[in-house]
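Note sheet for the following structure.
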Amino acid sequence: MADEKKKKRVRKCHTSRNPVLARGIGRYSRSAMYARKAMYKRKYKAPETKIEKKKREKEPATITKPVGGDKNGGNRVVKLRKMPRYYPTEDVPRKLLSHGKKNFALHKRNLRASITPGTVLILLTGRHRGKRVIFLKQLGSGLLLVTGPLAINRVPLRRAHQKFVIATSTKIDISSVKLPKHLSDLYFKKKRLRKPKHQEGEIFDTEKEKYEITERRKTDQKAVDSQILPIVKKTPQLRGYLRSTFSLSNGVYPHKLVF
């Protein structure tokens, strides 16, 4: 008895049936473990979804009611939910998905804190990408009104999206510059060019209408640039800075650049 008491019961630690070879990788595959655990002997039922529960708990659409009279058959199937007797002559107007939402014209226009009037911006898209321009003001649509000026880098008065510009730390004081009041989004709206139509007597009229710069655009460009150019000349090396284009070369990392 004394020898039996001395012998202590050794508890076996619980181990997995599938020993781990590496982190996340077991020795046996999923199908091998299915056989080792004898899962084929167990009855497994997938949990019932909400849709299946609704189908099972769905109320019957009809009900059978007893009907009096010898010649009426004794029973009659009646709908629980009767259809309406009268229908509207016109369709009932529905609320649109956009109901209660503001249209684009009423959206709030925000401007980046780094972009202020007189800031030198770098254009990233369009035919003038890589060029440096001067920011004048924000238009009603949220687009930015910029100019080269035209005499320095051939960039005219045009609109640019603030997503596609880099704001630099270079700024000039344009508080004395007076911009024409009619410089708005409607001013820059594209004009539809006439396409040739083959009608009687105009068989050989195949020339497309070409876009031409109006005299109004030219006078407005001169009026704005004549005020900005003297300010640019006062600042040393600014003329050459605006004339140079921005580009990345080997070994230049954009996240390390300071604009």
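The values are calculated or read from the model by the stated rules, or taken from the named source; none is laboratory data. The shown structure was predicted, so the numbers you read here are calculated from the model rather than taken from an experiment. All Cβ positions, glycine included, derive from the backbone under ideal geometry; neighbour counts span all protein chains shown. Quick note on the areas: whole protein, heavy atoms, side chains included, nothing else; ligands and nucleic acids left out. Shrake-Rupley method; radii C 1.70, N 1.55, O 1.52, S 1.80 Å.
One residue alone among R129, R158 is open to solvent by 80 Å² or more (accessible area, probe 1.4 Å) and under 30 Å from S247 (Cβ atoms), and that residue is R129.
Of everything in the stretch 30-67 that is of a type in the set (D, E, K, R), surrounded by 10 or more Cβ atoms within 10 Å (Cβ to Cβ) and modelled with pLDDT of 85 or more, the residue that is nearest to K79 (Cα to Cα) is K37. If the Cβ limit is 6 Å and pairs must be 6+ apart or interchain, which residue in the stretch 67-84 that is on the phi > 0 side of the Ramachandran plot pairs with which residue that is of a type in the set (V, I, T) and assigned to a loop (DSSP other than H, G, I, E, B)? Filtered contacts from the stretch 67-84: no entries. Of the residues that make up the stretch 99-106, is at least one aromatic (F, W, Y), within 14 Å of F164 (Cα to Cα) and not in a loop (DSSP other than H, G, I, E, B)? Taking every residue of the stretch 99-106 in turn, none turns out to be aromatic (F, W, Y), within 14 Å of F164 (Cα to Cα) and not in a loop (DSSP other than H, G, I, E, B). Beta carbons closer than 7 Å, at least 6 apart along the sequence or on distinct chains, pair a first residue in the stretch 1-21 that is closer than 30 Å to A32 by Cα with a second that is modelled with pLDDT of 60 or more and open to solvent by 100 Å² or more (accessible area, probe 1.4 Å) for R17/R36; N18/R27; P19/R27; L21/R27. Pairing each residue of the stretch 224-249 that is among the aliphatic types (A, V, I, L, M) with any residue that is open to solvent by 60 Å² or more (accessible area, probe 1.4 Å) and in a helix (DSSP H, G or I), provided the two are 6+ apart or on different chains, yields C-beta distances under 6 Å for V232/R239. From the list K58, K65, the one residue that fits, being basic (K, R) and part of a loop (DSSP other than H, G, I, E, B), is K58. Remark: V92 falls outside the filter, which requires a residue to be among the β-branched types (V, I, T) and crowded, with 17+ Cβ neighbours inside 10 Å.
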